[in-house]
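Down below is the structure, laid out as structure tokens.
The values are calculated or read from the model by the stated rules, or taken from the named source; none is laboratory data. Everything quoted here is computed from the prediction, not taken from an experiment. Virtual Cβ from ideal backbone geometry, glycine too; neighbours counted across all protein chains shown.
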Amino acid sequence: VPTDKEKLFVRALFDYDPSEDPTIPCQDAAVAFQRGDVLQILSTEDETWWQARRAEDSDSRAGLIPSKELHERRVALQRPAALFKPRTVKPPGDDPVFPVTEDVDYRAITGIHVAGLRRSFRLGRKSSWAKEAARFRRWSAGVHGSICPPTYIEVIPYHREPKDRHRLVVLVGPSGVGVNELKRRLLISDPDRYGVTVPYTTREKRRQESEGVDYHFVSVHMFEEHILDHRFIEYGSHGGHYYGTSLDSVYRVMAEGKVCLLDVHPSKIKRVYTSEFKPYVVFVKPPRIEELRLTRRRAKFVCDEEDADPVRVFSEEDFVDMIDLAETMETQYGHLFDQVIVNGDIATAFREV
Ligand code: 5GP
């Protein structure tokens, strides 16, 4: 009998209904599943049809499922058709640079998008056409196959032991959606239960800050050594200084017996997708634009610079960006999310988290 370690388990990232699949060699031998179901893979010998059984259903029988290659090929075949489907976007009517009120077809105006992008950059103005062009490029990148369609993701059975450490809780979402506020509320609600990582930075310590509380203040040399040693889950630069979150800092919070709350860009989730961290990923997404307009008319805080104007109001463009970015995140990384929360009202979203 193979041990759990020797078995291969995957989570399906798409729905599969054999009764709608005319290519299945034998209807009765197929296993139906839905996105999110865990399957135990019994054989991948055949390139087209794998053998599997539903893992969470103890008396489920084994049968055929489409292999990763087969599903990828099918999606690739369907996508060019999607490219030619008329897809319309309505740019915001109050765009100051290019006032457009008519519906626009993606395909027809790609060239104009790019031209608009260059022109508005030269003028030093931000244009939502630029955003549209970027969106089109991201979308077409998916169409032309540079982003693989989600098929199956390997998972491991998680037998919880009483002395197990808590799982890592990862909060992700577009800037401005409220990830920071949710993290702050969780911390205040139960400081003995939740903890956050202390980031590293190469900037000078400010008067009110303390080493190891606000940041670990390190030299550029040390930071760069940490980068080379792959010690950061993520890092970046801001205002000419490095900032980053290390794996060590996650361990430190977990060693205190606390639930570590981490907020990172979804592209970094894979870094912590280990059996040790067993991350539970919460995606915070914005509500519809009408609700954003109603609930976020209030100011947003900008605390990037000490002397910066602390208050700025969300613009219509911020809302469009937020929704656009959330869509992209969900398309590209949705298969890594355990829970999706819509932050229309912060108190409700907090309760859900
Ligand atoms: P401050 O220097 O005012 O404390 O932080 C300025 C900015 O540094 C933050 O708004 C954020 O953009 C960035 N920052 C802070 N911590 C981190 C981190 O751990 N990783 C990254 N990539 N950026 C950070």
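Within the stretch 315-333, being surrounded by 15 or more Cβ atoms within 10 Å (Cβ to Cβ), under 27 Å from Lys270 (Cβ atoms) and touching a residue at least 24 places away in the same chain (Cβ under 8 Å) holds for Asp321, Met322, Ile323, Asp324, Leu325, Ala326, Thr328, Met329, Glu330, Gln332, Tyr333. Only residues that are of a type in the set (A, V, I, L, M, F, W, C) and either assigned by TED's automatic domain parsing to the domain that holds Ser267 or within 28 Å of Lys278 (Cα to Cα) (or both) were counted across the stretch 203-252, and they come to 8. Taking the stretch 266-324 as the region of interest, the strands (runs of 3 or more DSSP E) fully inside it that hold 2 or more residues being under 27 Å from Ala347 (Cα atoms) and modelled with pLDDT of 80 or more are 280-285.
Tell me, yes or no, whether the stretch 242-258 has at least one residue that is farther than 18 Å from Gly195 by Cβ, among the acidic types (Asp, Glu) and in contact with a strand residue (DSSP E or B) (Cβ under 9 Å, 6 or more places away or on another chain). There is no residue in the stretch 242-258 that is farther than 18 Å from Gly195 by Cβ, among the acidic types (Asp, Glu) and in contact with a strand residue (DSSP E or B) (Cβ under 9 Å, 6 or more places away or on another chain). Residue pairs whose Cβ atoms lie under 6 Å apart, separated by 6 or more positions or on different chains, with the first residue in the stretch 240-260 and closer than 22 Å to Val220 by Cα and within 9 Å of the ligand (Cβ to nearest atom) and the second at pLDDT 95 or above and in a helix (DSSP H, G or I), are Tyr242/Phe223. A search for C-beta distances below 7 Å between a residue of the stretch 54-78 that is under 18 Å from Ala29 (Cβ atoms) and any residue that is in a helix (DSSP H, G or I) and modelled with pLDDT of 90 or more, counting only pairs 6+ apart in sequence or on different chains, returns Gly63/Ala29; Leu64/Ala29.
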